[in-house]
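The values are calculated or read from the model by the stated rules, or taken from the named source; none is laboratory data. Just so it is clear, the model here is predicted, and its values are computed rather than measured. Here the Cβ positions follow ideal geometry from the backbone for every residue, glycine too, while neighbour counts run over all protein chains shown. Ligands, DNA and RNA are excluded from the accessible area calculation, which covers all protein heavy atoms including side chains. Shrake-Rupley method; radii C 1.70, N 1.55, O 1.52, S 1.80 Å.
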Amino acid sequence: MGSCKEDDGQLKCVCVLGPIIVGAGPSGLAVAACLSQHGVPCILLEKTDCIASLWQYRTYDRMMLHLPKQFCELPLLGFPEEFPEYPSRQQFISYIQSYATKFSIKPRFQQTVKTAEFDRACGLWRVRTQDTEYFSRWLIVATGENAEPVIPEISGIDKFHGPVMHSSVYKSGADFQNQKVLVVGCGNSGMEVSLDLVSHNAIPHMVVRSTVHVLPREMLGLSTFGVAMGLLKWLPLRLVDKILLLAANVIIGNTDRLGLRRPKTGPIELKNATGKTPVLDVGALSQIKAGKIKVMEGVREITRTGARFVDGQEKEFDAIILATGYKSNVPCWLKSCDFFTEEGMPKTPFPNGWRGENGMYSVGFTRRGILGMSSDAVNIARDIAAQWIHIKDLLPTRTIPTPTHKTSQPHIGSISSCNCVSSCIGRCSRCTAVVSRG
């Protein structure tokens, strides 16, 4: 959520009693629900017009959860019993909507955060959107690891005569029947998009740009992820990785022969260290073995009608799909903060990367999916609640009219502070209007 551009104009000012949460995806909803259980109010800012916009707008039709539903539940509410073990995209969206309803979570939509910065003079976070500046003791960054699509630089791609799209825009292979499609990327998205294309009689060529771990989604009827989580309770991580790879070789065979070379680091260790998720096969491998999904080496350059590859081959294509993943956008809008890396990830690794300085928190950056995110949400809510207990009775409860004069600078002229709480009602130094509390 966010943009690096700023627009001058009329700004409202809202002083928030509880935390400001940026992002209304599963991470933001989870921490809002946990806060509500402690009686802590919050404001949730979302740049789009809906919750979980990545799931609603940027996922393809056939998408299903790769992990069993018990590993994908948000805190305090499980999936409906009638849902299958691997819920569909639409079922997950339905679950998220029910979650927001149950905990009375009502985000402020169409609020694109331009900047967020800690103001040491008044001891508050200043979060500025296109029309409002919010002030709070606490800021929770919940935009997550997958905020923006990654668009790689590929030589000549601007010359290509056909459509070029990121997998976040792709919906169905029905739009590509009988077409030759170049799919760049061989992660879970690249594999599933290729499989979907085959099911609609398209001819996908999947580019494998680096090494990749492919594991069966299930082993002997049990979830591979579940088996791994169970083994990790008793065995060292590297031994668990060896067991998984041995089982994978027995069940799906040697993937190196298919052009899918495995990394030297084991799948779980690699995931924890880099965030690179192993592919859980849902049918793409059988189509690769059958020759219906062609595996290609890296692209040297894109031509007007197709692509040249690093092994010297040249082929024509009708369309290109970039299954190249997502990235954090935190550096674009969070200013003067040393908590995150240049890539927008917490510098402190899981499980201690959820709390920063000056009342700043992060959720959804664990590289461990919904399970890791849920753990952070619970910790954040508990930590803020412990502070809230000591100040809630000292805070004013009535809402005061908001100043509305135009300014190209943050509207708050000054905010007073006292010994009991550093977010007291302030008065604008220009118009003496009282800053309202949201």
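Take Glu73 and tell me if it is of a type in the set (D, E, K, R), touching a strand residue (DSSP E or B) at 6+ places or on another chain (Cβ under 9 Å) and either closer than 24 Å to Ala147 by Cα or not assigned by the TED database to the domain that holds Leu222 (or both). The answer is no for Glu73. Only one entry in Val164, Val169 is closer than 21 Å to Asn329 by Cα, open to solvent by 30 Å² or more (accessible area, probe 1.4 Å), outside the structural domain of Ile370 (by the TED database) and not aromatic (Phe, Trp, Tyr), namely Val169.
Is one or more of the residues making up segment 87-99 more than 18 Å from Asn146 (Cα to Cα) and touching an Asp or Glu at 6+ places or on another chain (Cβ under 8 Å)? Within segment 87-99, not a single residue is more than 18 Å from Asn146 (Cα to Cα) and touching an Asp or Glu at 6+ places or on another chain (Cβ under 8 Å).
For Glu218, the conditions (1) in contact (Cβ under 8 Å) with a residue 60 or more places away in the chain; (2) under 23 Å from Arg89 (Cβ atoms) all hold with the exception of (1).
A single entry from Thr129, Thr143, Thr101 fulfils the requirement of being surrounded by fewer than 19 Cβ atoms within 10 Å (Cβ to Cβ), in the same structural domain as Pro349 (by the TED database), among the β-branched types (Val, Ile, Thr) and closer than 30 Å to Gln387 by Cα: Thr101.
Filtering Gly325, Gly298, Gly291, Gly230 for residues that are loosely packed, with under 15 Cβ neighbours inside 10 Å and either under 21 Å from Gly156 (Cα atoms) or polar (S, T, N, Q) (or both) leaves a single hit, Gly298. Residues in segment 371-410 that are over 30 Å from Pro351 (Cα atoms), open to solvent by 90 Å² or more (accessible area, probe 1.4 Å) and modelled with pLDDT of 50 or more: Asp393, Leu394, Thr397. Looking only at segment 237-271, residues that are over 19 Å from Ser223 (Cα atoms) and either assigned to a loop (DSSP other than H, G, I, E, B) or under 25 Å from the mean Cα position of the chain (by Cα) (or both) come to 9 in all.
Selection of segment 295-325 for residues being touching a helix residue (DSSP H, G or I) at 6+ places or on another chain (Cβ under 8 Å) and outside any loop (DSSP other than H, G, I, E, B) yields Val295, Ile302, Ala319, Ile320, Ile321. Every condition in (1) open to solvent by less than 20 Å² (accessible area, probe 1.4 Å); (2) closer than 27 Å to Lys335 by Cβ holds for Pro149 except the one numbered (1).
Residue-wise test of (1) assigned by the TED database to the domain that holds Ala174; (2) of a type in the set (A, V, I, L, M, F, W, C); (3) free of Cβ contacts under 8 Å to residues at least 24 places away in the same chain.
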site: Pro204; (1), (2), (3): yes, no, no
site: Leu235; (1), (2), (3): yes, yes, yes
site: Ile243; (1), (2), (3): yes, yes, yes
site: Ser286; (1), (2), (3): yes, no, yes
site: Lys289; (1), (2), (3): yes, no, no
site: Val295; (1), (2), (3): yes, yes, no
site: Val310; (1), (2), (3): yes, yes, yes
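Scoring Asp311 on the criteria (1) under 29 Å from Pro152 (Cα atoms); (2) at pLDDT 95 or above; (3) not small (Gly, Ala, Ser) leaves a single failure, condition (2). For segment 116-126, taking the residues that are of a type in the set (A, V, I, L, M, F, W, C) and either part of a loop (DSSP other than H, G, I, E, B) or out of contact with any strand residue (DSSP E or B) (no Cβ under 8 Å at 6 or more places or on another chain) (or both), the one that is least open to solvent (accessible area, probe 1.4 Å) is identified as Cys122. When Val183, Val212, Val198, Val240 are checked against the criterion of being β-branched (Val, Ile, Thr) and out of contact with any strand residue (DSSP E or B) (no Cβ under 8 Å at 6 or more places or on another chain), a single residue qualifies: Val240.
Filtered by the rule that a residue be over 19 Å from Arg209 (Cβ atoms), in contact with a Ser or Thr (Cβ under 9 Å, 6 or more places away or on another chain) and either part of a loop (DSSP other than H, G, I, E, B) or of a type in the set (Phe, Trp, Tyr) (or both), segment 147-170 gives Ala147, His161, Gly162. Considering Ala24, Ala33, the condition of being surrounded by 24 or more Cβ atoms within 10 Å (Cβ to Cβ) and at pLDDT 95 or above is satisfied by Ala24 alone.
When residues in segment 272-284 are screened for being assigned to a loop (DSSP other than H, G, I, E, B), under 24 Å from the mean Cα position of the chain (by Cα) and surrounded by fewer than 20 Cβ atoms within 10 Å (Cβ to Cβ), 4 of them pass.
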